[in-house]
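Remarks on the structure that follows.
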Amino acid sequence: MADNNYKLDTKLIHAGVVPDPTTGAIMTPIYQTSTYVQAAPGDHKGYEYARTQNPTRTVLQNALAAIENGTHGLSFGSGMAATDAVMKLLQPGDEVIVSNDLYGGTYRIMTKVFANYGIRFQFIDMHDAQNINNFITANTKMIWIETPTNPLLNVIDIEACAKIAKANNCLLICDNTFASPYLQTPLDLGADIVLHSATKYLGGHSDVVHGALIVKDAALDEKLRFIQNSCGAVPGPHDCWLVLRGIKTLHVRMQRHCENGEAIAKYLRNHPKVGKVLWVGFEDHPNHAIAKKQMRGYGGMISFTLKDDSMDAALSVLKKTQLFALAESLGGVESLIGHPASMTHGSIPREERIKNGLVDSLIRLSVGIEDISDLIKDLEQAIG
Ligand SMILES: *Cc1c(COP(=O)(O)O)cnc(C)c1O
């Protein structure tokens, strides 16, 4: 697609989008239809039934492919539906090596759903990507990473993982939800599949649940498309339209998420009641060198602990913030605050969670794009 000749900021606005052929509407219409009239059996305009294709979805999928530097994009009803489709590439007996700090829902679908179908998952530390080599067997078919991770903001070397995947005939899947293509494009670094919960930064306005896969290989695209059409986890056209509208401003939003994130990370680091601040932009972040190599900015996701490392201390902060809304999810224009130990990661046994650094007072921020002085004032009065 000629779209790939443009820079990202241009592609975000124009990629995939063509004036509507029937009216010239500059914005892609919402094709709210389930089927398409054929002139004679098999004589149609490329659209037969809306589980298989929808023109609003087609435009979004082409845009997604372009902004992640892939060749094919697929849209799903949610991020988890996209994950589900990737898992269905596997067969009983296959093994997957997974990074151990992971979105809770991904951990759940692997251990509670696909483990029942004879697929084996190994959750391992990937601070040093070479550790993956210790777990590869003849049955390993996939390496699954998320970087930066949720909520501990670990960074994994995508290029090193891709080399290991290639050498062992595995697929590398990279969940790029936290970074978005504005900060990092894993396909350029050798990943085979990029996965998104477009519910987060791509949609960007906390008004839609949506998922996406982007690949750069026609045969892999065909397999995933077959699974999607067979299993049916497709998005509605209105949701596709919302995501398409969201990505047009991804670059301006992400730029501000990065600026506000940096200011808040530095503010927290100097706060006498704050313990550790986890933000990938700090030079003493354990894998900052890798972040610097593979990312174009450091984003607005921050986690921090309190010196008083108790649930109560954390809950008291959560109760007092006014601008930072207490909620799950992330990546919207508004700032959110969350407590992983009692919310998103509550199902992980306490010992296990603390061993991995997810302590009782850990608070996660999704820094929005409001005025920075208002955000800092809010944290100031909440932390005390
Ligand atoms: C939210 C999220 C998902 C799941 O996506 P849904 O759209 O909620 O189904 C997967 N991975 C990451 C990193 C997420 O944050």
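The values are calculated or read from the model by the stated rules, or taken from the named source; none is laboratory data. No experiment lies behind these values; they were computed from the predicted model shown. Every residue, glycine as well, gets a Cβ built from its backbone with ideal geometry; the counts of neighbours run over all protein chains shown. For the accessible areas, the whole protein counts, side chains as well, though only heavy atoms, and no ligand, DNA or RNA atoms are used. Shrake-Rupley method; radii C 1.70, N 1.55, O 1.52, S 1.80 Å.
A 1.4 Å probe run over the protein chains yields, for segment 28-131, 45 Å² of accessible area per residue, whole-number rounding.
Seen through its C-alpha gyration tensor, with square-root eigenvalues sorted a ≥ b ≥ c, segment 1-68 comes out prolate because a/c lies at 1.5 or above while a/b is bigger than b/c.
Roughly to the nearest percent, how much of the accessible area of segment 34-109 is carbon and sulfur, given a 1.4 Å probe? Ligands and nucleic acids excluded, carbon and sulfur reach 50 percent. I'd like the distance separating the alpha-carbon centroids of segment 219-265 and segment 175-199, in whole Å. When both Cα centres are located, 10 Å separates them. Over segment 231-377, what percent of the accessible surface lies on carbon and sulfur atoms, probe 1.4 Å? That fraction is 53 percent. Which percent of the accessible heavy-atom area of segment 138-201 goes to carbon and sulfur, probe 1.4 angstrom? With neighbouring chains kept in place, the figure for segment 138-201 is 46 percent.
This model, with +1 at the C-beta of Lys and Arg and -1 at the C-beta of Asp and Glu, gives segment 3-247 a dipole about its Cα centre of some 380 debye. In segment 3-247, what % of DSSP beta bridges are antiparallel (nearest 5)? Roughly 40 percent of the DSSP beta bridges within segment 3-247 come out antiparallel. In the context of the full set of protein chains, residues of segment 251-383 present 46 Å² of accessible surface per residue (probe radius 1.4 Å, heavy atoms only). Residue-normalised convex hull volume from the C-alpha trace of the chain: 141 Å³ per residue.
Using just its DSSP H runs of length 4 or more, each adding -39500 (n - 2.57), the chain gives a mean residue ellipticity at 222 nm of -9500 deg cm²/dmol after division by all residues.
Within segment 117-202, the ratio Rg/Rh, alpha carbon atoms throughout and Rh by Kirkwood, equals 0.96. Comparing Val252, Leu336, Tyr298 along the charge dipole axis of segment 251-383, the residue lying farthest to the positive side is Tyr298, per the Cβ-charge model.
Largest accessible area first, the listed residues Met80, Met27 line up as Met27, Met80 when surface is computed with a 1.4 Å probe on the assembled protein chains. A Cβ-based charge dipole, computed about the Cα centre of segment 129-225 with Lys and Arg at +1 and Asp and Glu at -1, lands at about 180 debye. Distance from the Cα centroid of segment 91-150 to that of segment 296-336 is 28 Å (rounded to whole angstrom).
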